[in-house]
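Undergrad: Starting off with a structure, shown below.
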Amino acid sequence: MKLTFLGHAAFLLETADLTLVIDPFITGNPVAPRNLDLHPDYILVSHGHGDHAGDALALARKTNATIVSVYEAANYFMRQGVKAHAMHIGGAHDFGSFKVKLTPAWHGNSTGGDTGPAEYLGNPCGFLIYAEGKTLYHSGDTGLFGDMGLIGRLNAIDVALLPIGDNFTMGPEDALEAVKMLNPRQVVPMHYNTWPLIAQDPEAFKRAVEEQSPGKVVILQPGSALEL
């Protein structure tokens, strides 16, 4: 299994039977790798903000991929003429080659309103992804919340993808507390250094996590990958 960072909060997950993209913000992303040619089977969208839903609709139209998101967002995408699978927080679904469970995320959720009034898309979410005997947690955009302790207690997380940018999400200090509750084997920081407003030092975050928890931090540059 290979996890490739596409910049900001976007990731590509590849297994023997599956190509999955999470929050595919590519167009307009100043740190995304150039000339990406993505062909996902599924697209996971944590919420409708442009820096997360991004290219989801265009990719789904191009590849016939199924978008997986909360009920209101999935229905929005279906109204645009693409396939979508609707879920809600706390619910899980086995897609055959992988399983997904939706987790809470403290954030907002709407379309950008670029072609009309912004549309509310329900609760934002994170994702627990189970594939090939591994468990990945993509928190989505979120602040710190106590139920991360439950997520960590109920799941042996192999890698947690956590925002550290602050301002719109957790900053490094809160992300450190999230790591302590989630107890993952590895942590990949995300949602930082895309723009000056969310500039952070990932090396300082790595030092703090590895001094205060057993988890290891892997800093991925956009385009680089982690073998799981």
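The values are calculated or read from the model by the stated rules, or taken from the named source; none is laboratory data. Just so it is clear, the model here is predicted, and its values are computed rather than measured. Every residue, glycine as well, gets a Cβ built from its backbone with ideal geometry; the counts of neighbours run over all protein chains shown. Note: accessible area is taken over every heavy atom of the protein model, side chains too, but ligands, DNA and RNA are not part of it. Shrake-Rupley method; radii C 1.70, N 1.55, O 1.52, S 1.80 Å.
Undergrad: Determine whether Leu102 is at pLDDT 95 or above and surrounded by 17 or more Cβ atoms within 10 Å (Cβ to Cβ).
TA: Details: at pLDDT 95 or above: yes; surrounded by 17 or more Cβ atoms within 10 Å (Cβ to Cβ): yes.
Considered against the rule, which asks whether it is at pLDDT 95 or above and surrounded by 17 or more Cβ atoms within 10 Å (Cβ to Cβ), Leu102 comes out as yes.
Undergrad: Scan region 121-140 and tell me whether some residue there is of a type in the set (D, E, K, R), part of a strand (DSSP E or B) and surrounded by fewer than 21 Cβ atoms within 10 Å (Cβ to Cβ).
TA: yes
Undergrad: Then there is this: Return the residue satisfying two criteria in turn: it lies in region 202-214 and is closer than 27 Å to Gly133 by Cβ and in contact (Cβ under 8 Å) with a residue 24 or more places away in the chain, and of such residues it is least open to solvent (accessible area, probe 1.4 Å).
TA: Restricting attention to region 202-214, the residues satisfying the condition of being closer than 27 Å to Gly133 by Cβ are 206, 209-210, 213-214.
Okay, now just the ones that are also in contact (Cβ under 8 Å) with a residue 24 or more places away in the chain, so 209, 213-214.
Details: Val209: 0, Ser213: 20, Pro214: 105 Å².
Across region 202-214, the extreme among qualifying residues is Val209.
Undergrad: Let me ask something else about it. Tell me which residues, restricted to region 83-109, are among the polar types (S, T, N, Q) and assigned to a strand (DSSP E or B).
TA: Listed by number, the list holds a single entry, Thr103.
Undergrad: Only one of Tyr130, Tyr120 is in contact with a strand residue (DSSP E or B) (Cβ under 6 Å, 6 or more places away or on another chain), of a type outside the set (A, V, I, L, M) and within 24 Å of Leu3 (Cα to Cα). Can you tell me which?
TA: Exactly one of Tyr130, Tyr120 is in contact with a strand residue (DSSP E or B) (Cβ under 6 Å, 6 or more places away or on another chain), of a type outside the set (A, V, I, L, M) and within 24 Å of Leu3 (Cα to Cα), namely Tyr130.
Undergrad: Something else: Do any strands (runs of 3 or more DSSP E) entirely within region 4-67 hold 2 or more residues that are within 17 Å of the chain's Cα centre (by Cα) and closer than 16 Å to Gly223 by Cβ, and if so, which?
TA: 11-14, 19-22
Undergrad: Yes or no: region 160-174 includes at least one residue that is among the charged types (D, E, K, R) and either at pLDDT below 95 or under 21 Å from Leu228 (Cα atoms) (or both).
TA: There is no residue in region 160-174 that is among the charged types (D, E, K, R) and either at pLDDT below 95 or under 21 Å from Leu228 (Cα atoms) (or both).
Undergrad: At pLDDT 95 or above and not β-branched (Val, Ile, Thr): is that true of Ala74 in this structure?
TA: Taking the combined requirement at face value, the residue satisfies it.
Undergrad: Is one or more of the residues making up region 26-35 within 23 Å of Leu226 (Cα to Cα), surrounded by 19 or more Cβ atoms within 10 Å (Cβ to Cβ) and not small (Gly, Ala, Ser)?
TA: The answer is yes; a qualifying residue exists.
Undergrad: Identify, from the list Val217, Val187, the residue that is at pLDDT 95 or above, within 16 Å of the chain's Cα centre (by Cα), open to solvent by less than 50 Å² (accessible area, probe 1.4 Å) and farther than 14 Å from Val31 by Cα.
TA: Every option except Val187 fails the conditions.
Undergrad: Residues of region 39-54 being open to solvent by less than 40 Å² (accessible area, probe 1.4 Å) and modelled with pLDDT of 95 or more, which ones?
TA: Residues satisfying the conditions are Pro40, Ile43, Leu44, Val45, Ser46.
Undergrad: Restricting attention to region 142-161, which residues are assigned to a helix (DSSP H, G or I) and open to solvent by 10 Å² or more (accessible area, probe 1.4 Å)?
TA: Scanning region 142-161 gives Gly149, Leu150, Ile151, Gly152, Arg153, Leu154.
Undergrad: In region 69-82, which residues are of a type in the set (Gly, Ala, Ser) and part of a strand (DSSP E or B)? Give the derivation first.
TA: Going through region 69-82, the residues of a type in the set (Gly, Ala, Ser) turn out to be 69, 73-74, 81.
Hit for region 69-82 is Ser69, nothing else.
Undergrad: Same structure, new question: What number of residues within region 190-201 satisfy the criterion of being open to solvent by less than 20 Å² (accessible area, probe 1.4 Å) and either part of a strand (DSSP E or B) or free of Cβ contacts under 8 Å to residues at least 40 places away in the same chain (or both)? Reasoning before the result, please.
TA: First, the residues of region 190-201 that are open to solvent by less than 20 Å² (accessible area, probe 1.4 Å): 190-191, 194, 198.
Checking which are either part of a strand (DSSP E or B) or free of Cβ contacts under 8 Å to residues at least 40 places away in the same chain (or both) leaves us with 190, 198.
Final tally of qualifying residues: 2.
Undergrad: If a residue has to be touching a Leu at 6+ places or on another chain (Cβ under 7 Å) and open to solvent by less than 10 Å² (accessible area, probe 1.4 Å) to count, how many in region 162-178 make the cut?
TA: 3
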